[in-house]
Amino acid sequence: MKQFFIQTFGCQMNVYDGQRIAAMLESHGWVAAPDIESADMIILNTCAVREKATNKVYSALGRIRRAKKPGALFGIVGCVARESGADAFRRIPDLNFVLGPQSYHKLPQLLENPDAKLLNIDLGGLEKFDTLPRMVRSPAVAYIPIQEGCDHCCTYCIVPYTRGREISRPFDDIMADTRHAAETGAIEICFLGQNVNGYKYTDAAGRTMRLSDLIRETAKIDAVQRIRFTSSYPTEMTDDLIAQFKTEPKLLPFLNLPIQSGSPDVLTRMNRPYSLDLYIDIVDKLRAARPDIQISSDFIVGFPGETDADFDMTMDIARRVRYINSYSFKYSPRPHTAAALMRDQIPEQIKSVRLARLDGFLNEIQREFNESCVGKTMTCLMEGGDKTGQNLVYRTPYMQQVIVASDGDAHPLAQIKITAANKASLRGEFVRD
Ligand code: SAH
Ligand code: F3S
């Protein structure tokens, strides 16, 4: 049997795309290869959001060329494919395929004609969802995309170029995928979108459905125990959605609500037109709805023109909201974006100093939050075993990792008492009734 090997970089949307590519090849009789050396086809599922991510893909391609067996096909799918287009073939002439995030379902064309060079970076909209075969079994956490693309056009971000305009999938299609996932093993549903809380779909009868409707409908499925969604845009956090945190216990008390910067000037230049007051107001409403909620953020430091005073405002907002589980990045100029052309690009060394300060602070809050969990009992979802084989790894409702000594019985959803904590993870023990 022919074997494929997929390596995925980047966001949850890519993780989902990788699973769909695997299911598609399996439906053609292929099986997963244990390593690159034994694969007949190697697929790099790529991320272009920062320059470093793109560079990583090209260095991985160099390694794959040397390691793969003669005649094995190899190529790239995802955002670097869309970013590079035909240029990828100029950089790596023996590459076999370059397929964008909305055209990877064309890969079987190569199975029929392996000598062709397959290039397709079209924005096919929702076509891929309609043509891909269903997954046979769902993992315990099912990622369900509810939209493609993004219309926000933040000036630093390549995603609106690589994944195109925002399109919300039909409500019934999403619910069919969700039910199928629940019937085949999913315990947690994570709705995905670049602007997930902006989901809006009007059906033939003229009813407009939002993310809150998806959550309400999904919570009725018995097998689904946990619901979450990512990534949200601050001003799309509407009252109907905030109310779900009060009324729907299956919705986890954890929300990624990226602020990116605490400086109003920088936010304006980022084309993220919300005020800090409005953002704080949303956080306050969320906390009123669900007192145990925790918020995480993405931050960019060193955006063009960012002064020391601007950066201090980012530190201030981090202190004020006390974000957990956050991501912070140095600004990276990307092709096809407005910010790459702005004057006052910040020197690398200043970006590094600011990132270290912000990360230092975020890690401190994370440690404090983790320590505050010691002694508490939480319902956690199993992720798998650790490297030693002695322990099991679980996720708390706040997405912290908990390590528990295995008792020989695998409980997908377990009550775990937290016994110790450090910056990166927790330790715990099963609570038996
Ligand atoms: N809404 C998306 C955001 C995609 S990009 C999502 O689903 O996650 C993820 C994060 O990468 C952004 O929130 C931002 O903090 C960061 N990012 C995007 N473009 C960047 C750039 N040019 N330089 C540095 N960080 C960037
Ligand atoms: Fe990118 Fe901003 Fe959309 S970060 S994905 S353009 S909300």
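The values are calculated or read from the model by the stated rules, or taken from the named source; none is laboratory data. On a predicted model such as this, the values are computed, not experimentally measured, just so you know. Cβ placement follows ideal geometry from the backbone for every residue including glycine, while neighbour counts extend to all protein chains displayed. We work out accessible area using only protein heavy atoms, side chains counted, and drop any ligands, DNA or RNA first. Shrake-Rupley method; radii C 1.70, N 1.55, O 1.52, S 1.80 Å.
Tell me, which residue of region 163-190 that is part of a loop (DSSP other than H, G, I, E, B) and of a type outside the set (Gly, Ala, Ser) is surrounded by the most Cβ atoms within 10 Å (Cβ to Cβ)? Outline the logic, then answer.
Our first condition is that a residue be part of a loop (DSSP other than H, G, I, E, B); within region 163-190, this holds for 163-166, 169-170, 184-187.
Next, from what is left, pick out any that are of a type outside the set (Gly, Ala, Ser): 163, 165-166, 169-170, 184, 187.
Details: ARG163: 23, ARG165: 12, GLU166: 18, ARG169: 20, PRO170: 16, THR184: 15, ILE187: 19.
Only one residue tops the list, namely ARG163.
Residues of region 306-341 being polar (S, T, N, Q) and under 22 Å from the mean Cα position of the chain (by Cα), which ones? Full working, then the answer.
Here is the first cut: in region 306-341, the residues polar (S, T, N, Q) are 307, 314, 325-326, 328, 332, 337.
ASN325, SER326, SER328, SER332, THR337, listed by residue number.
Which residues, taken from region 232-244, are within 14 Å of the chain's Cα centre (by Cα) and surrounded by fewer than 19 Cβ atoms within 10 Å (Cβ to Cβ)?
If the condition is that a residue be within 14 Å of the chain's Cα centre (by Cα) and surrounded by fewer than 19 Cβ atoms within 10 Å (Cβ to Cβ), then no residue fits.
In the set ASP344, ASP359, which member is under 21 Å from ASP312 (Cα atoms), within 23 Å of the chain's Cα centre (by Cα) and open to solvent by 40 Å² or more (accessible area, probe 1.4 Å)?
Residue meeting the stated conditions: ASP359.
Identify the single condition in (1) farther than 28 Å from ASP172 by Cα; (2) assigned to a loop (DSSP other than H, G, I, E, B); (3) touching a strand residue (DSSP E or B) at 6+ places or on another chain (Cβ under 6 Å) that VAL224 does not satisfy, given that it satisfies every other one.
(1)
I'd like the full set of residues that are part of a strand (DSSP E or B) and open to solvent by 60 Å² or more (accessible area, probe 1.4 Å), limited to region 386-397. Spell out how you get there, then give the answer.
From region 386-397, those part of a strand (DSSP E or B) are 391-395; that's our starting set.
Residue satisfying the conditions is ARG395 alone.
Looking at GLN109, is it surrounded by fewer than 20 Cβ atoms within 10 Å (Cβ to Cβ) and among the polar types (S, T, N, Q)?
Working: surrounded by fewer than 20 Cβ atoms within 10 Å (Cβ to Cβ): yes; among the polar types (S, T, N, Q): yes.
So GLN109 passes the test.
Quick test for you: out of ARG65, ARG82, ARG90, pick the one residue that is farther than 29 Å from GLY124 by Cα and either open to solvent by less than 40 Å² (accessible area, probe 1.4 Å) or in a helix (DSSP H, G or I) (or both). Step through it out loud before you land on a result.
Working: ARG82 fails: farther than 29 Å from GLY124 by Cα; ARG90 fails: farther than 29 Å from GLY124 by Cα.
Result: ARG65 is the single residue among ARG65, ARG82, ARG90 that is farther than 29 Å from GLY124 by Cα and either open to solvent by less than 40 Å² (accessible area, probe 1.4 Å) or in a helix (DSSP H, G or I) (or both).
So, in region 399-413, of the ones that are in a loop (DSSP other than H, G, I, E, B) and small (Gly, Ala, Ser), which residue ends up nearest to the chain's Cα centre (by Cα)?
Pass one, region 399-413, residues in a loop (DSSP other than H, G, I, E, B): 399-400, 406-412.
If we keep only those that are small (Gly, Ala, Ser) too, we end up with 406, 408, 410.
Details: SER406: 29, GLY408: 32, ALA410: 27 Å.
Taking the candidates together, the pick is ALA410.
Quick one: which of PRO139, PRO160 is surrounded by fewer than 20 Cβ atoms within 10 Å (Cβ to Cβ) and away from ligand 2 (no atom under 16 Å from the Cβ)?
On the way: PRO160 fails: away from ligand 2 (no atom under 16 Å from the Cβ).
Checking each option against the conditions leaves just PRO139.
Looking only at residues that are within 17 Å of THR337 (Cα to Cα) and at pLDDT 95 or above in region 51-80, which one is farthest from the chain's Cα centre (by Cα)?
Here is the first cut: in region 51-80, the ones within 17 Å of THR337 (Cα to Cα) are 51-54, 79-80.
Subset that is at pLDDT 95 or above: 79-80.
Values: CYS79: 13, VAL80: 16 Å.
Of everything passing the filter in region 51-80, VAL80 is farthest from the chain's Cα centre (by Cα).
Looking at region 262-277, is at least one residue within 16 Å of ligand 2 (Cβ to nearest atom) and within 17 Å of the chain's Cα centre (by Cα)?
No: zero hits.
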